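Worksheet for the structure shown next.
Computed from the coordinates by the stated procedures, all read-outs in this text should not be read as laboratory data. What you are looking at is a predicted structure, and each value in this text was computed from that prediction instead of being measured. Note that each Cβ is placed from the backbone with ideal geometry, even for glycine, and that neighbours are counted across all protein chains shown.
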Amino acid sequence: MEKDHSRAGYFILSLITLRPTFYYFNYYLGRLSDLIGIFLLFVSLIFFRETLEKKKVRIFLIWFGFYFSCLSISYFINNFSFILQIKDFVEWFRPIMLFLALLFGYAFFKSFKQFIGLNKLIIMISLISSMIAIFEYLNKGDIFYFIFSGPNLFEQRRPGGIAYSHVEYSFLSLLGFVSSVYLFFISKRKIYMPIALFLLSTSVLSSSKSGFLGFVIYIFFFLIYLLFTKRISLISKIAFVGSSLLLIYFLFINIPYIYRGLVSLLEFDFYSKISIYHRFQDYVVGYKYLTDNIINFLIGYTPLRNYPDTSYIEVSFVNIFFRLGLTGIIIYYFPYIYFSFSKHWLPYMVLFKILALTIVFSDFTANVSENIKLSVLLFTLFGSLLRLKYENKHNYTNL
């Protein structure tokens, strides 16, 4: 009888995502915490290596090989252009981290029942993050800033939950929102819908315009799906659409920071809001250098986190394009595009396909996909989905 290692997987994933980072005290201490998280992924896969199937792992190795090769080529061609800093080595660990997270999801959550458990764990982590954010919002949770977030959030009094940035916090809430909606449709248990709406409403505590826009993008694509699907009852459609739109409208009107920022964006006013101006400058600087040289357009200016000119570096798409060029953009976003446009092999899998697509679109507005805890959870989810595709042994009952 095949052993069930999912409980170990739940525990290890909880440790990685709920671990303290201490970025508030020291940047390098926070990076050390991130490396410990990657190390935990590696050790768990070594310890439970019998859960992996070598033939199926090759698809991960190919993608990882292309990603790491792209990093290496970009660095060795441009290594005299910048001053190397210790923190720049983090970019070399990113493909390793994503690769290990994919393998982790593939190895530990290989049945549909375990996949359901993974979604429940994501909901739990999102709820913990939201509860911490509420304490921070009420000025009762300063200690959580010191444990999880960077100094900027504390200085600006912007709740971040268990996340490093306010953007990552919002998208962790979105991830929990998607898992809640998914379990609502799968199990028909009404408890998941209030949880989804709670996560949606608390996601705006950090006043992240990009996070709010991410929810809007997700719900927009989901509404298009609802128009054409017959799997969901009319009552469920009306309940979801009505409650989501009313809540989004209420939050949009009553959160001035988000309202003014999005209005400035819609009016193409890139100068009145400093955060919008910095991101606009990302595009200006990126365009300037990427169009200057065809080689750099294809392979970028090295994986180092440095721009030749002053730039805020808060738009992931421009950031990755600048570092790794067109080749790197294709490789980096391949998993997201693959899941967004692949055929369904699970009921209501469209919810996760829309999520992957939303992350890609959101990367044009902020630093979303590069956040450590968010990307580990997301790629673990991707790995589990791939395992279910290859196993082709689904049991959709007794949830």
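When the Kirkwood hydrodynamic radius is evaluated over all pairs of different C-alpha atoms of region 138-223, what value in angstrom, to one decimal, is obtained?
13.5
Starting at the first residue of region 14-25, write each ³J(HN,Hα) from the Karplus equation 6.51 cos²θ - 1.76 cosθ + 1.60 with θ = phi - 60°, in whole Hz, x for Gly and Pro.
Running phi through 6.51 cos²θ - 1.76 cosθ + 1.60 with θ = phi - 60° gives 5, 4, 5, 7, 9, 5, x, 10, 6, 4, 4, 7 Hz.
At 0.36 nm per residue, and after removing the present C-alpha to C-alpha distance, how many nm does the segment from residue 190 to residue 96 gain when stretched out fully?
Result: 29.9 nm gained on full extension.
Tell me, what HN-Hα J-couplings in whole Hz come from the Karplus equation 6.51 cos²θ - 1.76 cosθ + 1.60 at θ = phi - 60° for each residue of region 115-125, using x for Gly and Pro?
Taking θ as phi minus 60°, the curve returns 5, 4, x, 4, 5, 5, 5, 4, 4, 4, 4 Hz for region 115-125.
Peptides 99-112, 153-166, 187-200: what's the order by average Cβ count within 10 Å, highest mean first?
My ranking of the peptides, most packed first, is 99-112, 153-166, 187-200.
I want to check the label-to-label distance for residue 138 and residue 47. Put each point 7 Å from Cα in the C-beta direction and report it in nm to one decimal.
3.7
So if we plug the beta-carbon distance of residue 27 and residue 59 into 1/(1 + (r/R0)^6) with R0 = 25 Å, what FRET efficiency do we get, rounded to 0.05?
0.10
For region 155-165, in order, what is each residue's ³J(HN,Hα) by Karplus, 6.51 cos²θ - 1.76 cosθ + 1.60 with θ = phi - 60°, in whole Hz (x at glycine and Pro)?
Once rounded to whole Hz, the list reads 5, 8, 6, 10, x, x, x, 8, 8, 6, 10.
Measure off 7 Å from each Cα along the Cα-to-Cβ vector at residue 343 and residue 391, then give the distance between these two points in nanometres to one decimal.
Each label point lies 7 Å from its Cα, and together they span 2.1 nm.
If packing is taken as the average number of other Cβ atoms within 10 Å across a peptide's residues, how do 208-214, 290-296, 327-333 rank, most packed first? Let's see the in-between values first.
Values: 208-214: 24.9, 290-296: 13.4, 327-333: 19.1.
Listed from highest to lowest mean packing, they are 208-214, 327-333, 290-296.
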